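Enquirer: Sharing a structure below in structure tokens format, with a few things to ask.
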Amino acid sequence: MSADLTPPDILRCAYLDLVVTDLARAREFYVDVLGLVVTEEDDEAIYLRTLEEFIHHNLVLRKGPVAAAAAFSYRVRTPEDVDRAEEWFAARGCRTERRKDGFTQGIGDSVRVTDPLGFPYEFFHEVEHVERLAWRYDLHTPGALVRLDHFNQVTPDVPKGREYLEDLGFRVTEDIQDAEGTTYAAWLRRKDTVHDTALTGGDGPRLHHIAFATHEKHNILSICDKLGALRMSDIIERGPGRHGVSNAFYLYIRDPDGHRVEIYTQDYYTGDPDNPVVTWDVHDNQRRDWWGNPVVPSWYTEASPVLDLDGNPQPLQVRTDSSEMAVTVGADGFSYTRKGDEDKGFKLGTSL
């Protein structure tokens, strides 16, 4: 049984392997607009990194027929932890695939698994080092993306995912529940921030978003200004704003294939062993946006498919627990609720 095995010592989320249908359009978005750095590229894939990264990449854009996530990749502490990952997931009955030369350029011995929720996870230690561009201020744009911060995954069974990830060594920092005990979302971390990944309740498995960090919130505002100047404001899905959960400043945008990207900054330190878990009531309208702004319905309903280890889209499992959108968003698509409210109305309606 996997309970008798030592889980791998996971350091952090490291990169996302993302399939796009038009590599040139994706390059324009991630490189020309967002400013990610090209480490390596060919006709089939582009390897990108943030400005403070020293491993080969944080994002792989891979050309394919279906826009989807191919792997959520984590770096582990030692080469032996790759062995531990393979053994730990195999003991749980999960499919695993090992490649001593890695699945992507710049990454060595790796194992990919289909995890208990149906997500493609990867674990590796060996990497090719590249120049860390933290001191290359001549290359920094006003909206500079400096780190990969986290993933967000959509799953119908958040408690199951929470339990399995805690067994794997993740720690919960925040969650959203209701008075009946339904869990709508959970944030889990390995590095000492709010999360390396989050579980959002919904039909899944799907990728909700990948998040890149900036140093300060003015960097996010600069990205908004740039998108406006380029007449690309329609790709802004939500924000800018301040989250209640995580306390971070945020912006959500969509790439040419509809993959959701969050720009994120200024969450808080979580590294102490007694760091308290923060639980939010699902009817607290400040949980998702600290200023109480409504969340657009697409944020709850739309997400990217994920692939199995053969490259095929995973079938969706329907969430049977209550939906966060169903219990908090009105029929008009934007109303919000607080516990005990009878009718708060359409928050944006007074200005429309």
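Enquirer: Checking SER73 against (1) part of a strand (DSSP E or B); (2) of a type in the set (Gly, Ala, Ser); (3) open to solvent by 10 Å² or more (accessible area, probe 1.4 Å), which test does it fail?
Expert: (3)
Enquirer: Considering every residue within region 262-279, establish whether at least one is at pLDDT 90 or above, touching a helix residue (DSSP H, G or I) at 6+ places or on another chain (Cβ under 6 Å) and not in a strand (DSSP E or B).
Expert: No, the conditions are met nowhere in region 262-279.
Enquirer: Which members of region 1-45 meet the condition of being among the aliphatic types (A, V, I, L, M) and either modelled with pLDDT under 95 or loosely packed, with under 15 Cβ neighbours inside 10 Å (or both)?
Expert: Hits for region 1-45 are MET1, ALA3, LEU5, ALA24, VAL38.
Enquirer: Which one of ARG171, ARG190 is under 15 Å from the mean Cα position of the chain (by Cα), open to solvent by 20 Å² or more (accessible area, probe 1.4 Å) and in contact (Cβ under 8 Å) with a residue 40 or more places away in the chain?
Expert: Matching residue, one of ARG171, ARG190: ARG190.
Enquirer: Identify the residue in region 228-268 that is among the small types (Gly, Ala, Ser) and farther than 19 Å from PRO294 by Cβ and, among all such residues, is most open to solvent (accessible area, probe 1.4 Å).
Expert: ALA229
Enquirer: Quick one: would you say ALA134 is in contact with an Asp or Glu (Cβ under 6 Å, 6 or more places away or on another chain), over 20 Å from ARG84 (Cα atoms) and in a loop (DSSP other than H, G, I, E, B)?
Expert: When the stated conditions are applied, ALA134 passes them.
Enquirer: Going through VAL31, VAL38 one at a time, which residue ends up being touching a residue at least 12 places away in the same chain (Cβ under 8 Å), among the aliphatic types (A, V, I, L, M) and out of contact with any Ser or Thr (no Cβ under 8 Å at 6 or more places or on another chain)?
Expert: None of the other options fit; the residue is VAL31.
Enquirer: When you look at ALA85, is it of a type outside the set (D, E, K, R), assigned to a helix (DSSP H, G or I) and open to solvent by 10 Å² or more (accessible area, probe 1.4 Å), yes or no?
Expert: Taking the combined requirement at face value, the residue does not satisfy it.
The values are calculated or read from the model by the stated rules, or taken from the named source; none is laboratory data. Computed from a prediction, not measured in an experiment: that's the story for all the values here. Neighbour counts are summed over all protein chains in view; Cβ atoms, including those assigned to glycine, are modelled from backbone coordinates with ideal geometry. Note: areas computed on protein heavy atoms with side chains; ligands, DNA, RNA excluded. Shrake-Rupley method; radii C 1.70, N 1.55, O 1.52, S 1.80 Å.
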